[in-house]
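Everything on this sheet refers to the single structure shown next.
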Amino acid sequence: MFIRMTILKKTNPKDLMLKKILYSCLLFISFITGAQTTEVVFIQLNDVYEIAPLEGGKFGGLARVKTVIDSIKSVNPYTYVFLSGDFISPSALGTSQYEDKRINGRQMVDVMNAIGVNFVTFGNHEFDYKYDVLQDRIDQSKFEWISSNVLKVSEGRSTAFDKSGVNFPEYKILSIPGYLKNHNIKLGMIGICIDANKQPYVSYEDYYNSAKRVYGSIKDSINYLIGITHLSIDEDKRLAGELSELSLIMGGHEHVNMYHKVGNTIITKADANARTIYVHTLVFDEQNKLNEIKSKLVSIDESVKEDPKVKELVDEWTTRAFKGFIDKGFDPLVMVYNLKNDTLDGREETVRYGECALGYLIANSMYDVSPGADLALFNSGAIRIDDVLTGEITQYDIIRVLPFGGKIYQIELYGSLLKQILETGWSNKGNGGFLQFYGVEYTASGWKVKNAPIDDSKIYNAAIADYLLTGMEQNFGYLTKDNPGIVKIFEPDPANKSDLRNDIRFAIIEYFRKWDKVK
């Protein structure tokens, strides 16, 4: 049993015997005054795509997280580490090659194993890959998966996902020795994931129904209920409202830290990429009653030392991935531009909610390498860096911005279809289907190209991200190569290595090179 007395923290006796005597006295005093408590610590991460520090080493880094975990565990053995979804994808390193195949999140799971993650639930990006890739990552993991509302679809049947043949549980019950002898504290945990990535091998049960159903099956076996969720904050709040028995919801998905309280339910999210983590201390009294939850947002920055063994593993994976990038023609460590005191904001809350400098730069890069183009546009969901670029920008930073790369197509299309595309993109504000563009202006009187209103019958030449022509982006099901509003499609020749349209990232690097000369 872990007993903590706050009075003891204030003393620092040098003599070991004095420390023992003092501890005995305080133990007796706390016993007769009822001051003894049992504490359980939950360390929360969410939406982690990078294993190394960001912003030139200033923030994040899982080797630093390991240091914090070990520090807390050295004081309290009842410490558990949670990751509330989104870690296998998307990651820049994961798009590189190692051992003749794409890494596909292997580096993430390897490092998560090393830092000692205990429990995870699915995030929507876990389903970015095909089923076989996801299953490989699951089998590689040493941590436990909890999934209350997500099932695997196989041969028309929905079954639980499994690791090495063992089905994922819908819940997990932690049994913690409390102050009362023979009366452990039972904490039930459920895992809920948003239905934002509808792959054919995945089915989702309603968030609220599944949470209530699972709670109903375990309520007589637990003292308190904990949620590990990957939902929007509005959905988390509704979950807390519909299932008031939840003491704590450790959430993800938004990428920015937040703390909310709905009734007696605390809802928290840390910043993505482990810029911060939440440390929750659950304090139980001598009757095993949950007295309070102390939630502290901890910054993971240069003040935290990196665990040397985890750092070595991170460096090893970085070296492997960089070699793969070099084989593709990139030179990850080469600086392409020095922003000096300027910044380029690539965070989701910026690129998915309005026109921004980074989106304009990318679209301008596309336009510059597309002869005869009137405009350029791409889906903001292609930007996955979720970081603020400043100072020296390297080629690896460009890879981080657009880890999946992609080709630049040029299409000739009627103005009527162009207006439909732009309107759809504008209505997609807040998700990855929101469009960033160059050469287009949204005005009170409507859309304009080159300062003139779009003419429905006129044919325009647009540089466009190849993914947009798949019809798979949010609300863009109509935008495929077969759309009758498209007159012609020009695809770059993959054999022509000098054609920068073969990889949008090379177009951006070239844009920075020219920009540097202009500046």
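What follows draws every value from the coordinates through simple rules; no lab data is involved. Just so it is clear, the structure is predicted and the values come from calculations on it, not from any experiment. Note that we place each Cβ from the backbone using ideal geometry, even for glycine, and neighbour counts take in every protein chain shown.
Quick look at the numbers
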read-out	value
Low-density loop cleavage sites - trypsin sites (Lys or Arg not before Pro) in region 176-211, where at most 14 other Cβ are within 10 Å (DSSP)	Lys181, Lys198
Dipole-positive endmost among Ala160, Gly430, Ile266 within the chain (Cβ charges, Cα centre)	Ile266
Loop-located chymotrypsin sites (Phe, Trp or Tyr not before Pro) in region 324-420, at most 12 other Cβ atoms within 10 Å (DSSP)	none
Gained length - Ser203 relative to Asp499, 0.36 nm times residue gap less alpha-carbon distance	102.4 nm
Simple spin-label estimate for Val334 and Asn451 in nanometres, 7 Å along Cα-Cβ	3.8 nm
Net lengthening on full extension, Ser71/Val298 (0.36 nm per residue, minus Cα-Cα)	80.4 nm
Two-site FRET efficiency, Lys309 against Val283, from Cβ-Cβ distance with R₀ of 51 Å, rounded to 0.05	0.95
Percentage of interatomic Cα-Cα distances in region 329-518 larger than 28 Å	21 percent
The chain: relative contact order as a whole-number percent, Cα under 8 Å and 6+ apart	14 percent
MRE, 222 nm, helices only [DSSP H, n ≥ 4, -39500 (n - 2.57), over the chain, to nearest 500]	-9000 deg cm²/dmol
Rounded FRET efficiency, nearest 0.05, which uses the C-beta distance separating Glu423 from Glu144 and R0 of 35 Å	0.15
Virtual paramagnetic centre 7 Å along Cα→Cβ of Lys186, amide N under 17 Å, in region 197-216	213-216
Where GluC sites (Glu not before Pro) fall in DSSP loop in region 150-230, at most 15 other Cβ within 10 Å	Glu155
Charge sum, other residues only, whose C-beta stays under 11 Å from Phe59's C-beta, Lys/Arg counted +1 and Asp/Glu -1	-3
Rounded to the nearest 20 debye, dipole of region 160-288 from Cβ charges on Lys, Arg, Asp, Glu	200 debye
Asp327-Arg157 pseudo-label distance in nm [points 7 Å out on the Cα-to-Cβ vector]	4.0 nm
Cα-based radius of gyration of the chain once divided by 2.2 N^0.38 Å, which approximates compact folds	1.09
log₁₀ of I(q)/I(0) at q = 0.11, 0.13 Å⁻¹ - region 36-299, Debye sum with one point per alpha carbon	-0.58, -0.81
Between helix 308-327 and the chain: long-axis angle, C-alpha atoms, 0 to 90°, nearest 10	10 degrees
Relative pair counts by distance (%), Cα atoms of region 74-194, 10 Å bins	12, 40, 30, 14, 4, 1
Estimated inter-spin distance, Glu349 and Lys130, nm [label 7 Å along Cα→Cβ]	3.8 nm
Hits among lysines - C-alpha to C-alpha of Lys481 under 30 Å, sequence gap 8 or more where chains match	Lys101, Lys130, Lys198, Lys328, Lys407, Lys419, Lys429, Lys448, Lys450, Lys458, Lys497
